[in-house]
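Colleague: The following block contains the structure, expressed as structure tokens.
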Amino acid sequence: MPIDPTQPYDNANIFAKILRGEIPCNRVYEDEWALAFEDINPQAEIHTLVIPKGAYVSWDDFSARANAEEIAGFVRAVGMVARDKGLVEPGYRLLANTGVHGGQEVPHLHVHLFGGQPLGPMILRR
Ligand code: AMP
């Protein structure tokens, strides 16, 4: 079920538990600002999630409330993971689902990093 994008941050969400080490993840990168791990249900050859360390519900929440260091640290981490995975050539796709129309299900900001194959059209039109 897509989340309500206006809800307050829920400390019990699954990515908060991963950040606290309460449940495992297949970690690929971590620094002061971000954690990256493999998606449990990959939608492409490479499907990695990058999340900020701070408690932000969504891209909307993060872009409105995070400070400049947090934003820079998170964006740099996303780029670093893509480079570390060798995705700059031939390319990759980033996706941050937000709110009901975006289909966001986990209420902690995450950027999906897709790659390892041609990724097709940006949006499937009905
Ligand atoms: P979204 O629909 O943008 O909120 O995406 C949530 C993503 O989190 C989905 O791609 C799920 O497969 C992924 N996911 C959910 N639980 C876990 C988990 N424990 N470890 C890794 N990925 C997860």
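Colleague: Quickly work out the GLU105-to-ILE23 label distance, labels modelled 7 Å from Cα along the C-beta direction, and quote it in nm with one decimal.
Modeller: Going by the 7 Å Cα→Cβ label model, 1.1 nm.
Colleague: Something else now. So if each residue of separation counts as 0.36 nm, and I subtract the Cα-Cα distance between ILE40 and LEU124, what length gain in nm does that give?
Modeller: The span from ILE40 to LEU124 would gain 28.0 nm if fully extended.
Colleague: What's the center-to-center distance, using Cα atoms, between the range 7-53 and the range 96-121 in Å?
Modeller: 13 Å
Colleague: I would also like to ask the following. How large, in percent, is the carbon and sulfur part of the accessible surface of the range 14-115 at a probe radius of 1.4 Å?
Modeller: Here carbon and sulfur together make up 51 percent of the probe-accessible area.
Colleague: Which whole-number percent is the relative contact order of the range 14-115 (Cα, under 8 Å, 6+ apart)?
Modeller: So the answer I get is 33 percent.
Colleague: Which one, VAL57, VAL88, VAL28, has the greatest fluctuation when you compute a Gaussian network model over the chain with C-alpha springs under 10 angstrom?
Modeller: VAL88
Colleague: Another question, if that's okay. Work out, step by step, the length gained on full extension between GLU32 and ASN11: first 0.36 nm times the residue separation, then minus their alpha carbon distance; give nm to one decimal.
Modeller: That pair, GLU32 and ASN11, stretches by 5.7 nm at full extension.
Colleague: Here is a follow-up. Which value, in debye to the nearest 20, describes the size of the charge dipole of the chain about its Cα centre when Lys and Arg Cβ atoms bear +1, Asp and Glu Cβ atoms bear -1, and nothing else is charged?
Modeller: Dipole magnitude for the chain comes out near 280 debye.
Colleague: Can you find, among LEU109, MET122, VAL50, the residue farthest towards the positive end of the dipole of the range 23-126? Put +1 on the C-beta of Lys and Arg, -1 on that of Asp and Glu.
Modeller: With unit charges placed on the Cβ atoms, the residue in question is MET122.
The values are calculated or read from the model by the stated rules, or taken from the named source; none is laboratory data. Owing to the predicted nature of the structure, the values given are computational and were not obtained by experimental measurement. Please note: Cβ atoms are built from the backbone with ideal geometry, for glycine as well, and neighbour counts cover all protein chains shown. The protein model used for the area step is the full one, side chains on, heavy atoms only, and it has no ligands, DNA or RNA in it. Shrake-Rupley method; radii C 1.70, N 1.55, O 1.52, S 1.80 Å.
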